[in-house]
Amino acid sequence: MVPEPAAAPLKVVRKRHYGRWCSALVALAVVALMIDSMVRNPNFEWEVVARNLTSDSILAGVGMTIELTFISVVFGFAGGIVLALMRLSANPVLVAVSWTYTWLFRAVPMLVQLFLWYNIAALYPRLALSIPGLGELWSAPTNSVISPFSAAVIALVMHQAAYAAEIVRAGILGVNAGQHDAAQALGLTPFQGFRRVVLPQAMRTILPPAGNEVIGQLKTTAVVSVIALQDLLYSAQIIYQRTYEVIPLLMVATIWYMAMTTLLSIGQFMIERHYGRGAAQQSAMSWQWLARGALPRSGARR
Amino acid sequence: MSAAIEISRVSKSFGFTRVLDDVSLAIPEGSVCVVLGPSGSGKSTLLRCVNHLESVDAGTIEVGGELIGYRRDGDRLHELSARAVARQRARIGMVFQHFNLFLHRTVIENLIEAPLLVRRESKAVAIARAQRLLAQVGLADRAAAWPRELSGGQQQRIAIARALAMEPEVMLFDEPTSALDPELVGDVLQVMKSLARSGMTMMVVTHEIGFAREVADQIVFMDQGRIIESGPPSQVLDAPRHERTSAFLSTVL
Ligand SMILES: Nc1ncnc2c1ncn2[C@@H]1O[C@H](COP(=O)(O)OP(=O)(O)OP(=O)(O)O)[C@@H](O)[C@H]1O
Ligand SMILES: [Mg+2]
């Protein structure tokens, strides 16, 4: 049977996702109750929080935390790329060295590493650079080179490089070998092929776990308080050891960590969008997913 | 007539398996050579040796009279640096079974990437040629598209245009239509036919016997790493001398 030709096209009524609305309302209510209880509970001493939030020593601590995170992430990922390339190379010695490095620095706890680097003078009292035939070019007592800051930087970078190496390696392995072949066949050098073809595509799989790592590293830097380096958390500790306002000062530190994590997450979102070029599915944020249940869908997506 | 591609006495093993066994083949300038053979006979490996994506164990390969991948010093061959090999590859176009378009680049960016990086051309020159090539493969309107938005046949035509953008002396095709739906094969073969008519030297691995019959000047049949039969289409396809050849032809025809 042939349908009536004049009939208007049938209209699609989108499914109503009542379950999504209910669960969202419940979740919002729970969050509201929690915020309310925190704001009205005098034990949080919010006026102490406000007084200390932008005090000089806290701000200096924030600066130190940012500096440590920045240095360890930049050099850690640079080292991670080198380690990943070594691991994927055809040279068995480089493969073994890279594997051993990753194994070692993932095995030794961060705290132990920090103490080891800080106390390296006990193991090697003098550092010297000497070349056979030329003699000693440079030497210095280890303690003049290793400060709490340099010990922290070394430990954090070494630790970060080991984790970054695995993330970068996974990303590179995820890129189809044909991409490398095509780059080579067009006359790109291996370095050009890696830099222009493989790495940009690997970035898509590297970025989400790398974002995790960076935010993790932001808080890992807090271990430096054990060698008396005044990062954010240690600055808060110094104050509350004097005033006994423990909870409010931990709140101060938390608020700063949350602010920095927020900025990093926004940065991650924007970098991911940049490297998502040409991907089948751009990363969709979950609030869009929620909204799609009720709102009319915007036009065709890229 | 001088040979654009001269393969002489090439052997290659992967581990203990001998994949190419004393293969010799000359492809004259401006001619089309189709390589046939069953799966695993070494067709892809031979093609990949021509632009040194694979190294050879013995023998030599010359393209345009230039030894590929090695430098001759008396009776020794020294493998060239990666940079020198890259320079040689720039003269040899290659098209892959799975297209291998750069997925993070738009169509036009795929076409200008190597001209900008390798030939250090200006963007204006590279884009002008890219647009001409896109028109030539019938996809002038898809310059801004992403590879994933295109059909397989369109992607393969873009891949051919990308290889041509380097203005190669010879073109290598490794089963360019094997990954395509049947109705998309024709468009790609059409592009390859007009390329052949324009005088491009082509070495084509394919199972498209119709294409081989129409376009090939020479057909070689490979089996277990050897070329066991070669000649013009009329001979190899219609009067094969070797029983392996006739057995293979009866399976693909
Ligand atoms: N990288 C490699 N390492 C080890 N063995 C390989 C490698 N590449 C190919 N081979 C082997 O070499 C032989 C020839 O492979 P090749 O890909 O050249 O065959 P082919 O004729 O192209 O086959 P097909 O029609 O299936 O593409 C096969 O036995 C294959 O298993
Ligand atoms: Mg093959």
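The values are calculated or read from the model by the stated rules, or taken from the named source; none is laboratory data. Predicted, not measured: the structure shown is a model, and the values here were computed from it. Please note: Cβ atoms are built from the backbone with ideal geometry, for glycine as well, and neighbour counts cover all protein chains shown.
For this structure, a couple of remarks:
- Among residues of the stretch B:114-134, those that are buried (at least 23 other Cβ atoms within 10 Å of the Cβ) and facing chain A (nearest Cβ under 7 Å), counted: 1
- Test: residue in the stretch B:149-159 that is among the acidic types (D, E) and out of contact with any strand residue (DSSP E or B) (no Cβ under 6 Å at 6 or more places or on another chain): yes
- Remark: B:L53 matches the filter, which requires a residue to be within 16 Å of ligand 1 (Cβ to nearest atom), of a type in the set (A, V, I, L, M) and facing chain A (nearest Cβ under 8 Å).
- Residues being closer than 24 Å to B:S55 by Cα and either aromatic (F, W, Y) or more than 14 Å from chain B (Cβ to nearest Cβ) (or both) are entirely absent from the stretch A:218-237.
- In the set B:A165, B:A135, only one residue is at pLDDT 95 or above and either of a type in the set (V, I, T) or within 26 Å of B:I61 (Cβ to Cβ) (or both); that residue is B:A165.
- B:V63 away from ligand 1 (no atom under 16 Å from the Cβ), over 20 Å from B:I209 (Cα atoms), buried (at least 22 other Cβ atoms within 10 Å of the Cβ) and within 14 Å of the chain's Cα centre (by Cα): yes
- From B:V63, B:V32, residue being of a type in the set (A, V, I, L, M), in contact with a helix residue (DSSP H, G or I) (Cβ under 9 Å, 6 or more places away or on another chain), over 27 Å from A:T189 (Cα atoms) and modelled with pLDDT of 95 or more: B:V32
- Sole exception among (1) more than 16 Å from ligand 2 (Cβ to nearest atom); (2) touching a residue at least 40 places away in the same chain (Cβ under 8 Å); (3) within 24 Å of A:A202 (Cβ to Cβ); (4) of a type outside the set (S, T, Y) for B:N100, by number: (1)
- For the stretch A:26-130, the helices (runs of 4 or more DSSP H) that sit wholly inside it and include 2 or more residues that are loosely packed, with under 11 Cβ neighbours inside 10 Å are A:92-107, A:120-123.
- Residue check for B:L139: farther than 26 Å from B:A4 by Cα and either away from ligand 2 (no atom under 16 Å from the Cβ) or touching a Phe, Trp or Tyr at 6+ places or on another chain (Cβ under 8 Å) (or both): yes
- Condition check for B:M203: buried (at least 21 other Cβ atoms within 10 Å of the Cβ), at pLDDT 95 or above, within 30 Å of B:F16 (Cβ to Cβ) and not charged (D, E, K, R): yes
- Selection status of B:G138, away from chain A (no Cβ under 14 Å), outside any helix (DSSP H, G or I) and under 23 Å from the mean Cα position of the chain (by Cα): yes
- Residue that is surrounded by the fewest Cβ atoms within 10 Å (Cβ to Cβ), among those in the stretch B:76-97 that are within 16 Å of ligand 2 (Cβ to nearest atom) and more than 18 Å from A:V198 (Cβ to Cβ): B:Q97
- Output for the stretch B:212-237, where each listed residue is of a type in the set (A, V, I, L, M, F, W, C) and outside any strand (DSSP E or B): B:A212, B:V215, B:A216, B:V236, B:L237
- The number of residues in the stretch B:116-135 being of a type in the set (K, R) and in a loop (DSSP other than H, G, I, E, B) comes to 2.
- Restricting attention to the stretch B:88-112, the residues being farther than 22 Å from B:A144 by Cα, at the interface with another protein chain (Cβ under 7 Å from one of its Cβ atoms) and out of contact with any Phe, Trp or Tyr (no Cβ under 9 Å at 6 or more places or on another chain) number 2.
- Residue check: B:I68 meets all listed conditions (1) among the β-branched types (V, I, T); (2) within 16 Å of ligand 1 (Cβ to nearest atom); (3) within 14 Å of chain A (Cβ to nearest Cβ) but one, namely (2).
- Of all residues in the stretch B:77-87, those satisfying the criterion of being more than 8 Å from chain A (Cβ to nearest Cβ), of a type in the set (A, V, I, L, M, F, W, C), farther than 12 Å from A:L186 by Cα and not in a loop (DSSP other than H, G, I, E, B) are B:L77, B:A84.
- Which numbered condition A:L188 fails, given (1) within 10 Å of chain B (Cβ to nearest Cβ); (2) surrounded by fewer than 20 Cβ atoms within 10 Å (Cβ to Cβ): (2)
- Selection count where residues are more than 10 Å from chain A (Cβ to nearest Cβ), away from ligand 2 (no atom under 16 Å from the Cβ) and assigned to a helix (DSSP H, G or I), scope the stretch B:151-177: 9
- Single residue of the stretch A:160-185 satisfying the filter (surrounded by fewer than 21 Cβ atoms within 10 Å (Cβ to Cβ) and facing chain B (nearest Cβ under 7 Å)) that is farthest from the chain's Cα centre (by Cα): A:D181
- Candidates in the stretch B:178-200 are the residues that are under 23 Å from B:E6 (Cβ atoms) and not in a loop (DSSP other than H, G, I, E, B); of these, the one that is nearest to ligand 2 (Cβ to nearest atom) is B:M192.
- Residue count, the stretch B:201-211 (criterion: of a type in the set (A, V, I, L, M) and within 16 Å of ligand 2 (Cβ to nearest atom)): 3
- Failed item, numbered, when A:M203 is tested on (1) within 14 Å of chain B (Cβ to nearest Cβ); (2) more than 20 Å from A:Q268 (Cα to Cα): (2)
- Within the set A:L199, A:L207, A:L134, the sole residue that is surrounded by fewer than 17 Cβ atoms within 10 Å (Cβ to Cβ) and among the aliphatic types (A, V, I, L, M) turns out to be A:L134.
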